[in-house]
1. Can you give the percent of C-alpha pairs in the range 549-603 whose distance is more than 18 Å?
2. Quick check: from the Cα gyration tensor, does the range 162-317 come out rounded (a/c under 1.5), prolate or oblate?
3. Quick one: accessible area per residue over the range 243-292, 1.4 Å probe, rounded to a whole number of Å²?
4. When we measure straight from the Cα of K62, which lysines land under 23 angstrom away, once same-chain ones fewer than 8 places off are left out?
5. Given a 1.4 Å probe and heavy atoms of the protein chains only, how would you sort S393, S591, largest accessible area at the top?
6. Ordered by packing density, taken as the mean number of other Cβ atoms within 10 Å over each peptide's residues, highest first, how do 207-219, 403-415 rank?
7. Need one word for the range 98-196: rounded, prolate or oblate. Basis is the Cα gyration tensor (sqrt eigenvalues a ≥ b ≥ c); a/c below 1.5 gives rounded, then a/b vs b/c decides.
8. Give the ranking of T554, T573 by solvent-accessible surface, highest area first, calculated with a 1.4 Å probe.
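The values are calculated or read from the model by the stated rules, or taken from the named source; none is laboratory data. Everything numeric in this text was worked out from a predicted model, so none of it was measured. Cβ placement follows ideal geometry from the backbone for every residue including glycine, while neighbour counts extend to all protein chains displayed. To get the accessible areas, we keep the full protein, side chains included, count just its heavy atoms, and leave off ligands, DNA and RNA. Shrake-Rupley method; radii C 1.70, N 1.55, O 1.52, S 1.80 Å.
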Amino acid sequence: MLGKVARLGLWPALGAVMMLAIPVLAQTVDPEMALFQQGVEHYNKGEYAEAKDTLDEMLSLKPSSQLALRMRRDAELGLFARMVGEGDRELAATAQKVIEMMNQAVRETKREVADPEKLLTDFQSPDMHAYLAARSLIVGHGAYSVPYLLPFMTRQGARNQMIAARTISTLTDIGRVASMPLLEALASEDETVRLRIAATLGQLGDKRAVASLLGICEDPEASEALVEAAKEALSSITGLSVETLGPAVREYEILVRHYIAEEATSVGYVYGTWQAVWSWKPEAENLRDRLSYELVPTYLYYQRQATECALKALKLDPGNAELKSLLVTALCRQLRLTRALARFAESEQIRQDAAARAAQLEKRVPVVCHLFDADLVGKALQEALDLGDEDTSLYLVKVLGTKAGLEAGEGAQALMAALDFPDKDVRYQASVEIVKAFPDGALGNPEKVMQVLSGALNPARTRLIPSLGARAAEEVQIIPQSERAETILLAATTLAAVNPRTTEYPLGIAEPPLIAALTGYGESVSLAAVENLKRFGSTDAIGPLAKLVSGEETSPELKASACHAIAAVVARTSQELPAETVEVLNTALQSEVQAVREAAAEAIGVAGVTEGEILGLVETYASGGE
């Protein structure tokens, strides 16, 4: 302990720290905090009635915002969320009130520090009343006070050690929210600042600091004192040695995964509408301004933090494929969220902000995806599939379809895995991209691919979308007729590129939905369906094709195409046409449109009619008869 104090340059301040312990300890005996802790203990023991009564008594005392913030720090809201969801009804009602109290305290945390110079002067005052009043206000500003406190961490010498000790003590009282700006400030070139931040992080006990502290331990340019401070902080946070924990890149990967999955119990709960993403600006003139933040909407915070952490880790290991894939996943999830909120957010401000962010991400995310190879994007797709993220998975499937070098590697395997995804759109798009990339059916199970692609031709479709308010899934029919037609057309045109003579795909699986798609989805879909039936349709297609030919509303182009398809099926199967189909073709032969007459003649020519009937028709047209 004494060696640690010496390294931090706080030797003469040790007595001062002990003096400070008196007012700090006084805060812990507030009756509200005592009741709060008792209520949590009762709940953990399963004593729900006692927990309710104790928490009700605590609420009746109307705790201050500062106490509410301390309560939130000491017991995450997740505990009270469990009380609401798992406890008895009366306890749940009380727990909900506690949550509301904590949320209100967070809302009252002020970003703007009023009259900071006076506040900082009072913080340094030898007058304990002035100091404690300033300290209380600083704690109330939460993480936003950290830039103002940072210069005090540079103080050295006997006169200034009291200020440095006060600073560390105050940062510790601010709690976990101080960790994020402090982690950015670890980039400072000031050795004293870095030493004291490491010590503070150890006292805060925030596991989000583990990766950064391990990075210091692995830095060959870090001083022996700084490495030792980082090791002690890691031991305080985890109870483990550096050798047991490392390496830093692995811890970063774990942290990024927690952020991507939005595991609040690991990376902290967030409240309110906006959150601060902190960064270090070494070019700024003074230390306070080097630590800055950008406000991002709460819905985007976790993915943004995942992105920033992945970028930090990649500086340590630029070739790490896992981190690159996680970076792509986080970026794509940002794009998905901003697109959704731009449409569905209740607040006009959030909608406009989301639209602006989406516009930027739509330019940047594809570039990042194309900077990486197909296998790496495939790893990102697998991450999205494992998370059950429909829109991100769909986006990455489409990106993979445009990638060069999509062979039997991780990109191709991820597309095959997408065939089993619960969301139909993801499955359908994956089947399309597989068939486009492997028209010979060389990848995976050709029958399975064709079964999924055939499903895309099926017109009866619904889709699950998230309810942005409650984040629950509600099934709604959101795909209009025109959009379903686009999906069918995509599947049909994809099949058109497959050579029936050389492919391993059992194309017959697609015939029934192609026949169903002949009508009801517009001319383009009908023509695409007819073209596929022409290439690999069976005799089952002849009747539906004949109906197209005889249809009064069928366009001449579609009639001619259907006649050619009938001819191709007959020629391929040597099947004699039913009499009613021959009659339809004879009627088409009288069409005023030359292309229809020619196509009908082709079909009749292979239809198996008698030589006499053919000769009669030939004689009619050859002699110019009507």
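1. 22
2. rounded
3. 49
4. Once the sequence-local lysines are set aside, what remains near K62 is K52, K97, K110.
5. S591, S393
6. Ranking the peptides 207-219, 403-415 by packing returns 207-219, 403-415.
7. In terms of gyration-tensor shape, oblate.
8. Largest accessible area first, the list is T573, T554.
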